[in-house]
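The values are calculated or read from the model by the stated rules, or taken from the named source; none is laboratory data. On a predicted model such as this, the values are computed, not experimentally measured, just so you know. Here Cβ is always computed from backbone atoms with ideal geometry, including for glycine, and neighbour counts include all displayed protein chains. These accessible areas exclude ligands, DNA and RNA; they are computed on the full protein's heavy atoms, side chains included. Shrake-Rupley method; radii C 1.70, N 1.55, O 1.52, S 1.80 Å.
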Amino acid sequence: MLDHGALDHTNSDSTQALRHRMRHSAAHVMADAVLRLFPEAKMGIGPPTQDGFYYDFDVSRPFTPEDLESIEALMRETIAAQQTFKREEISRNDAQSMFSDQPYKLEIIEDLPDETTLSIYRHGEFIDLCQGPHVDGTADIQAVKLLNIAGAYWRGDEKRPMLQRIYGTAWESQEALDDYLHRLEEAERRDHRTLGRQLGLFSIHEEIGPGLIVWHPKGGIVRSLVEDYWREIHFRHDYNIVYSPHIGRAQLWQTSGHLSHYRESMYAPLEVDEQEYFLKPMNCPFHIMVYRSSLRSYRELPLRIAELGTVYRYERSGVLHGLMRVRGFTQDDAHIFCLPEQVEGEVGGVLDLTFELLDAFGFAEFSISLSTRPESYAGELDMWEHATESLRRALEERHLTYDIDEGGGAFYGPKIDIKIEDALGREWQCTTVQFDFNLPERFDLNFMDADGGRSRPYMVHRAILGSLERFLGVLIEHYAGAFPLWLAPTQAMVIPIADRHQEYADSVKEQLESEGYRVEVDGRSERMNLKIRNAQLQKIPYMLVVGDREQEDGAVAVRTREGGNLGAISVRELLERLAGELT
RNA sequence: GCCCCUGUGGCGCAAUGGUAGCGCAGUCGAUUUGUAAUCGACAGGUUAGGGGUUCGAGUCCCCUCUGGGGCUCCA
């Protein structure tokens, strides 16, 4: 069902390099077409991307879908004309006069270091400032399609002009293009927003507000199963589970530094008894209060404090997206307070817990990055080195491959981020393990060490699932809504063939329910075929058809969601089968 | 927040500026069915909200809100 074979696996370096050149060339061909249709257009940049390419233009009116068709038609003509790509190296002065009516190109030239060799690529009448490389000729662009139009700031800077970007894709064959388009359709078919409605999992309401989720009964079951498992595994790994309030006084957020550094993401304060309270955007200060509630001894460390903590953050309206980016969400948060010599073990423990947890949900592919110290930072240099080294060693001991994001850490500490890859090969950031050298300082955290002195603990912030909202969104898409038996909201639907089988159907349901299964009976006066169809569409793992024969034999006719009519077996055999599937 | 697009019963959609329709879901009735849609009837809408143009607005214009594709952001 989660068929990786259907995906594209020709990702060798040479294929990628070829695609890269072809897409870059396609961008030129597109810009050529746009300039012919819109002679006044000013060109931005037009690079290849992961799966295609884009080019940005400053035009007097936005592009329309009809424009895309005309542009694509012109591109086909250029491709059919078999023009060749020619590279030339030119002087800075020549470049400046050549692009004198292209202000964005002039800006690029301006910003290139003096020693850079400037080059241009030509095909037909078209010239673009470009390093290359390109394919030999336009005919090498085998299969191309323009996809959509979007606004994009010049150089990604919201203070600069907004250009019109056209996205397209190009592949080495029509077949590869079709595969890609099919993959897009597949992603659309798995969209958690659509499945969430169809399967009755959650909804978002204008009346409640954007980015705020209400979980429906079916989604509530899935979420609580995830939470139950999460709690179980955290207790097993010696975490202490706590609960903290949704609001806290201004003074708390003053001390934590959120009011000076994070206020633009926080909601306006509430006034209670002439005191200001803020909705929490993070759980850290509350967990710190738990730590500070008594004098701590080194003997108590490491102290791991965990919470499914619901936080609220102001996210700009344009970034909200289903469950993936919301304004209120529940983090599976934890803060670990430990001694310097415990740091490495704690980081390792978090990694082990992460892979155990994610494995249970069927995620096998990850991409890991280690982010190191940025230019401005809090804390002592030797603590940064110790912490970064412990992150690195924990990764290496587990033979995990990772990228290093040099200088990409937060100002308060280095971190490991883990992105999980779903069934379609898309990546989602969920897990993060972050050192914090700032908060222990701000809250003056300490413990009594073996010498009777006071020392400052290390603090590690971590979330594994990230937010339950996002994680469930990822899960829905990963499974395409067909949750495995242990997570399925309804595990079996009993389908009586005629009204006279209702009572027997109820007794089957009771037998299964008494063993802890989630079962429903479709007792409507409808045809069996309709009930099967509905159960299939609801992606219920087991359909149990009961008619005269089953009633007589104390059996059920088993049909699985994957399509098979397995024939009749006894209820006892069914229970064995289900139990077997859950282990 | 910015650019573009979008908004019609719960859901998916239709309606040259001239009587708001269809399918699914829902309710009721008939049917009692053996592995992906039985038939019929009924009910359901101030066309997201506000303002304007017009004899007349779902349709055209303006504002607000929402959703989508991107950009930016994601201490």
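Quick notes on this structure:
- Modelled FRET efficiency - R0 35 Å, residue A:515 with residue A:20, Cβ distances, 0.05 increments: 0.05
- Remark: relative contact order (the stretch A:4-189) = 27 percent; criterion is Cα-Cα distance under 8 angstrom and separation of 6 or more residues.
- Among A:112-123, A:326-337, A:24-35, A:451-462, sorting by the average number of other beta carbon atoms lying within 10 angstrom of each residue, highest first, gives A:24-35, A:326-337, A:451-462, A:112-123.
- Here the relative contact order of chain A, from alpha carbon pairs under 8 Å that lie six or more residues apart, stands at 10 percent.
- Extension gain from residue A:262 to residue A:153, taking 0.36 nm per residue of separation minus the Cα-Cα distance: 36.8 nm
- Taking a point 7 Å from the Cα of residue A:526 along the Cα-to-Cβ direction, the residues of the stretch A:484-504 with backbone N closer than 15 Å to it are A:493-499.
- Selection from A:554, A:566, A:535, by position along the positive dipole direction of the stretch A:492-582 (Cβ): A:535
- Packing around the peptides A:311-318, A:162-169, taken as the average count of other Cβ atoms within 10 Å per residue, puts them in this order, highest first: A:162-169, A:311-318.
- Residues in the stretch A:97-118 reached by a label modelled at residue A:89 [backbone nitrogen below 17 Å; 7 Å Cα→Cβ]: A:113-118
- Cα gyration tensor shape of the stretch A:20-71, rounded if a/c is under 1.5, else prolate or oblate by comparing a/b with b/c: prolate
- Counting every C-alpha pair in chain A, the share spaced more than 47 angstrom apart comes to 31%.
- Whole-Å distance, taken between Cα centres, linking the stretch A:23-54 and the stretch A:496-567: 57
- At an R0 of 22 angstrom, the distance between the Cβ atoms of residue A:289 and residue A:237 translates into a FRET efficiency of 0.45.
- Qualifying GluC sites (Glu not before Pro) for the stretch A:182-274 [loop in DSSP, other Cβ within 10 Å: at most 10]: A:206, A:207, A:274
- Between the stretch A:138-193 and the stretch A:206-262, the Cα center-to-center distance that results, in Å: 36
- One decimal place: the segment residue A:299-residue A:575 gains 94.6 nm when fully extended, by the rule 0.36 nm per residue minus the C-alpha distance.
- Remark: accessible surface ordering of A:256, A:293, A:60 (largest first) is A:60, A:293, A:256, probe radius 1.4 Å.
- Förster-model FRET efficiency, 51 Å R0, residue A:448 and residue A:320, C-beta, rounded to 0.05: 0.65
- Entries in A:218/A:509; A:415/A:539; A:42/A:145 that, when Cα-Cα distance is taken, lie over 28 Å: A:415/A:539
- Peptides A:529-535, A:85-91, A:128-134 ranked from most to least packed, by the mean per-residue count of other Cβ atoms within 10 Å: A:128-134, A:529-535, A:85-91.
- Excluding same-chain neighbours fewer than eight residues apart, the aspartates and glutamates reachable from residue A:86 by a Cα-Cα span under 12 Å are A:125, A:128, A:136.
- Only DSSP H runs of four or more residues enter the estimate; each adds -39500 (n - 2.57), and after division by the residues of chain A the mean residue ellipticity at 222 nm equals -11000 deg cm²/dmol.
- Residue A:383 - accessible surface, heavy atoms, 1.4 Å probe, Å² rounded to 10: 50
- For the stretch A:351-505, the relative contact order works out to 20 percent when only alpha carbon pairs closer than 8 Å and six or more residues apart are counted.
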